[in-house]
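The values are calculated or read from the model by the stated rules, or taken from the named source; none is laboratory data. Please read all numbers here as calculations on a predicted model, not as lab measurements. Every residue, glycine among them, receives a Cβ derived from its backbone with ideal geometry; neighbour counts consider all protein chains shown.
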Amino acid sequence: MKCWNVKFTLEADRDRSSLDTSVRNQVDKAIRKVSLNPLPKSEGGYGTPLGHKSGSNLTGLCKITLKKLGVRVVYRLIRDAEIMLIIVIATRADDEVYEIADMRK
């Protein structure tokens, strides 16, 4: 199976750079795994689809949750180009990550 191309928005790249090295390595590993099949779970992929979260319409976005680290990665699929665009990488503090994703989408 071919990996999708992973790209980061400028903000998501900053999010990633601000992580502790060990956390960043685990986030990168999770992103690589999901990039093998980033489609929503409803389509047989690894992504957890988002809809309406805390008053934000995040339809079309998916997330990766790293529970032990308390980190969420939110991404959008650009299907025709097979690109997995990382929008935000943030801690799971309440629903802050969804508010950030809503601003950046």
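Among the residues making up the range 3-43, those that are part of a loop (DSSP other than H, G, I, E, B) and in contact (Cβ under 8 Å) with a residue 40 or more places away in the chain are 4, 9, 19, 38. Within the range 14-31, the set of residues being more than 10 Å from residue 69 (Cβ to Cβ) and either within 12 Å of the chain's Cα centre (by Cα) or small (Gly, Ala, Ser) (or both) comprises 15, 16, 17, 18, 28, 31.
Could you look through the range 67-85, keep only residues that are aliphatic (A, V, I, L, M) and touching a strand residue (DSSP E or B) at 6+ places or on another chain (Cβ under 7 Å), and pick out the one that is surrounded by the fewest Cβ atoms within 10 Å (Cβ to Cβ)? Explain how you work it out, then say what you get.
Restricting attention to the range 67-85, the residues satisfying the condition of being aliphatic (A, V, I, L, M) are 69, 71, 73-74, 77-78, 81, 83-85.
From what's left, touching a strand residue (DSSP E or B) at 6+ places or on another chain (Cβ under 7 Å): 71, 73-74, 77-78, 83-85.
Values: 71: 21, 73: 25, 74: 26, 77: 20, 78: 13, 83: 16, 84: 22, 85: 20.
Here the answer is 78.
Quick grid of which residues meet (1) among the aliphatic types (A, V, I, L, M); (2) within 17 Å of residue 9 (Cα to Cα):
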{"position": "21", "(1), (2)": "no, no"}
{"position": "26", "(1), (2)": "no, no"}
{"position": "37", "(1), (2)": "no, no"}
{"position": "43", "(1), (2)": "no, no"}
{"position": "50", "(1), (2)": "yes, no"}
{"position": "59", "(1), (2)": "no, no"}
{"position": "80", "(1), (2)": "no, no"}
{"position": "84", "(1), (2)": "yes, yes"}
{"position": "95", "(1), (2)": "no, no"}
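For the range 49-85, the set of residues classified as among the polar types (S, T, N, Q) and assigned to a strand (DSSP E or B) consists of 56, 57, 65, listed by residue number.
Conditions (1) of a type in the set (A, V, I, L, M, F, W, C); (2) at pLDDT below 95, marked per residue:
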| residue | (1), (2) |
| --- | --- |
| 41 | no, yes |
| 45 | no, yes |
| 50 | yes, yes |
| 67 | no, yes |
| 70 | no, yes |
| 77 | yes, no |
| 84 | yes, no |
| 103 | yes, yes |
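Screening residue 58 against (1) touching a Gly at 6+ places or on another chain (Cβ under 9 Å); (2) of a type outside the set (Gly, Ala, Ser); (3) under 21 Å from residue 5 (Cβ atoms) leaves a single unmet condition, (3). Annotation note: Cβ proximity below 6 Å between a residue of the range 44-59 that is surrounded by 12 or more Cβ atoms within 10 Å (Cβ to Cβ) and a residue that is of a type in the set (Lys, Arg) and modelled with pLDDT of 90 or more (sequence gap 6+ or interchain) occurs for 48/63; 50/63. Residues of the range 86-98 being surrounded by 16 or more Cβ atoms within 10 Å (Cβ to Cβ) and assigned to a helix (DSSP H, G or I), which ones? Of everything in the range 86-98, those that are surrounded by 16 or more Cβ atoms within 10 Å (Cβ to Cβ) and assigned to a helix (DSSP H, G or I) turn out to be 97, 98.
Residue under question is residue 21, and the condition is that it be out of contact with any strand residue (DSSP E or B) (no Cβ under 6 Å at 6 or more places or on another chain) and at negative phi; does it hold? When the stated conditions are applied, residue 21 passes them.
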